[in-house]
Amino acid sequence: MSNLVPLKSMLSTLNRWPSFWDDEDLQLFPSVDHGVDVYETENEVVVKANVAGVTSDDIDVTFEKGVLWIQAKAVKKEDDQDSKYYSKSSWSYSYKIAVPGLIDHTQEPDVTLENGILKVVFAKSEASKPKKLTVKTG
């Protein structure tokens with residue numbers, strides 16, 4: 001007179017249930033886009049950051065001890081005295097990125113802003129660039 005369910009029978013029932021971990025339509029942990037891309041080429045390390053709506057005057061970029069810090073802030077105000085309308089909105093971005101690779105610290109990074117994307121390009125040091133080795137016979 002026991003109410004126990006045999007383990008084998010319970011496991012076979014659980015195995016027939018759909019796994020919500022594999023369900024692509026159900027995203028309990030959606031991917032997060034942080035607005036930053038970091039990649040390396042043969043000669044450079046490139047960081048691209050989203051700073052949409054911010055002018056170059058409102059962006060601070062610092063690089064210290066291998067960490068790139070991008071801070072940007074914008075304020076938008078609209079004021080129409082005739083219709084007694086006033087609107088103010090603000091937004092900001094802050095990114096701290098550990099820059100990979102061996103960076104050439106003797107060269108100033110190239111920093112550009114285009115279409116809301118801040119691009120920082122670091123030159124790689126000669127020691128980090130691939131070298132072709134010769135094979136000797138004998």
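Each reported figure results from applying straightforward, stated rules to the coordinates on display, with no laboratory input. This structure is a prediction, so every number in the text was calculated from the model and none was measured. A quick note on method: Cβ atoms are made from the backbone with ideal geometry, for glycine too, and the neighbour counts reach across all protein chains shown.
Grab the other residues whose beta carbon is less than 14 angstrom from that of GLY101, score K and R as +1, D and E as -1, and report the net.
Local net charge: -3.
Which log10 I(q)/I(0) values, to two decimals, does region 31-126 give at q = 0.21, 0.22, 0.24 Å⁻¹ under the Debye formula with one point per Cα?
-1.04, -1.12, -1.25
If the limit is 28 Å between Cα atoms, which of LYS48/LYS73; LYS96/LYS131; LYS96/LYS124 go over it? Provide the component values of the computation, followed by the final result.
Values: LYS48/LYS73 17 Å; LYS96/LYS131 31 Å; LYS96/LYS124 20 Å.
Table pairs above 28 Å Cα-Cα are LYS96/LYS131.
If you add up the charges near SER128, with Lys and Arg at +1 and Asp and Glu at -1, over every other residue whose beta carbon is less than 11 angstrom from its beta carbon, what do you get? Don't skip to the end; give the middle numbers.
Details: positive: LYS124, LYS129, LYS131; negative: GLU40, GLU42, GLU44, ASP104, GLU126.
My count for the surroundings of SER128 gives -2.
In debye, nearest 20: dipole of region 31-135 around its Cα centre with unit charges on the Cβ of K, R (+) and D, E (-)?
Here region 31-135 has a charge dipole of around 360 debye.
Calculate the spin-label point distance for ASP79 paired with HIS105, positioning each point 7 Å from the Cα along the beta-carbon direction, and give it in nanometres.
Label at HIS105, label at ASP79, 4.8 nm between them.
At THR41 and THR112, where each label point lies 7 Å from the Cα along Cα→Cβ, what is the point-to-point distance in nanometres?
Output for this residue pair reads 1.0 nm.
Net charge near LEU118: determine it from the other residues with C-beta under 15 Å of the C-beta of LEU118, scoring Lys and Arg +1 and Asp and Glu -1.
Summing Lys/Arg as +1 and Asp/Glu as -1 gives -2.
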